[in-house]
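The values are calculated or read from the model by the stated rules, or taken from the named source; none is laboratory data. No experiment lies behind these values; they were computed from the predicted model shown. Please note: Cβ atoms are built from the backbone with ideal geometry, for glycine as well, and neighbour counts cover all protein chains shown.
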Amino acid sequence: MSSKPDFALYGYFRSSAAFRARIALNLKGIKPELRFIHLLRNGGEQHTAEYKGLNPQELIPALAHDGHLITQSLAIIEYLDEIVPEPPLLPNDALGRARVREIAYAIACDIHPVNNLRVNQHLMKVFGATPEQQAAWQRHWITTGFTALETMLSLSKNTGAFCYGDTPTLADICLIPQCANAKRVRLDFSPFPTIARIEAHALKHPAFDAALPANQPDAE
């Protein structure tokens, strides 16, 4: 893996969106400078004036490269895929790209946003939700999303060792962090054998394994 000091990633070990960016960087062979933004310490370092000046959304990840800052994990991943074409993270045909994006967006746009830290904090602050109630909320919405995703994957002839074929794509980059979130809230994976199989296969790949939250320098 080559060192490219002109890349810097703002992230947090447990963030699934930052997890996605780490996988993509690993697949592209890029080792960025890591800049840690603790999402809980002192009310959340993402809310500091310094970081808000970089990213007004007060979210991670953010990727600094060549004097520019890119936010939103999917935008970061597709940017990396354009500037470092090999290995490709999207198929070379329009229909294949649409399929991979369909899976990725189902996770990143429909499952993840209703289960992230901001939502859990709001549930606690406004509705007094306990940690177990927050976990139950997350299990409900992940189950809803995974039920549809399992059908999409299990019935498609395009599903291979990974979500699309036998090489990792944007879809897997989104799926594996969401599986980690599901395990954190003790989701039962038995109804999702295809998802579980793809996750097990992906975690044998060094780019995915190295990106795991537990393997990060800021892991707690």
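Condition check: more than 19 Å from the chain's Cα centre (by Cα), among the hydrophobic types (A, V, I, L, M, F, W, C) and surrounded by fewer than 16 Cβ atoms within 10 Å (Cβ to Cβ). Does residue 136 satisfy that?
Answer is yes for this residue.
Pairs needed: first member in segment 93-110, closer than 15 Å to residue 167 by Cα; second member anywhere, surrounded by fewer than 13 Cβ atoms within 10 Å (Cβ to Cβ); C-beta distance under 8 Å; at least 6 residues apart or different chains.
none
Go through segment 27-46 residue by residue and tally those that are in contact (Cβ under 8 Å) with a residue 40 or more places away in the chain, crowded, with 20+ Cβ neighbours inside 10 Å and either closer than 16 Å to residue 212 by Cβ or not β-branched (Val, Ile, Thr) (or both).
3
Go through segment 115-133 and give me each residue that's assigned to a helix (DSSP H, G or I), surrounded by 16 or more Cβ atoms within 10 Å (Cβ to Cβ) and either at pLDDT 95 or above or in contact with a helix residue (DSSP H, G or I) (Cβ under 7 Å, 6 or more places away or on another chain) (or both).
Selection gives 115, 120, 123.
Just the residues that are more than 8 Å from the chain's Cα centre (by Cα) and farther than 12 Å from residue 205 by Cα, please, taken from segment 167-180.
Narrowing segment 167-180 to residues more than 8 Å from the chain's Cα centre (by Cα): 167-172, 179-180.
Within segment 167-180, 169, 170, 171, 179, 180 meet the criteria.
Results for (1) in contact with a helix residue (DSSP H, G or I) (Cβ under 6 Å, 6 or more places away or on another chain); (2) under 16 Å from residue 104 (Cα atoms); (3) surrounded by 15 or more Cβ atoms within 10 Å (Cβ to Cβ), shown as yes or no for each residue.
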position: 142; (1), (2), (3): yes, yes, yes
position: 150; (1), (2), (3): yes, yes, yes
position: 156; (1), (2), (3): no, yes, no
position: 164; (1), (2), (3): yes, yes, yes
position: 167; (1), (2), (3): no, yes, yes
position: 185; (1), (2), (3): yes, no, yes
position: 188; (1), (2), (3): no, no, no
position: 200; (1), (2), (3): no, no, no
position: 212; (1), (2), (3): no, no, yes
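Assess whether residue 81 counts as being surrounded by 14 or more Cβ atoms within 10 Å (Cβ to Cβ), assigned by TED's automatic domain parsing to the domain that holds residue 68 and under 19 Å from the mean Cα position of the chain (by Cα).
In short, yes.
Please find, among 168, 217, the residue that is assigned to a loop (DSSP other than H, G, I, E, B) and touching a strand residue (DSSP E or B) at 6+ places or on another chain (Cβ under 7 Å). Quick ask: steps written out before the conclusion?
Values: 168 fails: touching a strand residue (DSSP E or B) at 6+ places or on another chain (Cβ under 7 Å).
Just one listed residue meets the conditions, 217.
Just the residues that are out of contact with any Gly (no Cβ under 7 Å at 6 or more places or on another chain) and touching a residue at least 24 places away in the same chain (Cβ under 8 Å), please, taken from segment 47-69.
Those that are out of contact with any Gly (no Cβ under 7 Å at 6 or more places or on another chain) and touching a residue at least 24 places away in the same chain (Cβ under 8 Å): 51, 54, 55, 59, 62, 63, 64, 65, 66.
Regarding residue 167, is this residue under 21 Å from residue 76 (Cα atoms) and not aromatic (Phe, Trp, Tyr)?
yes
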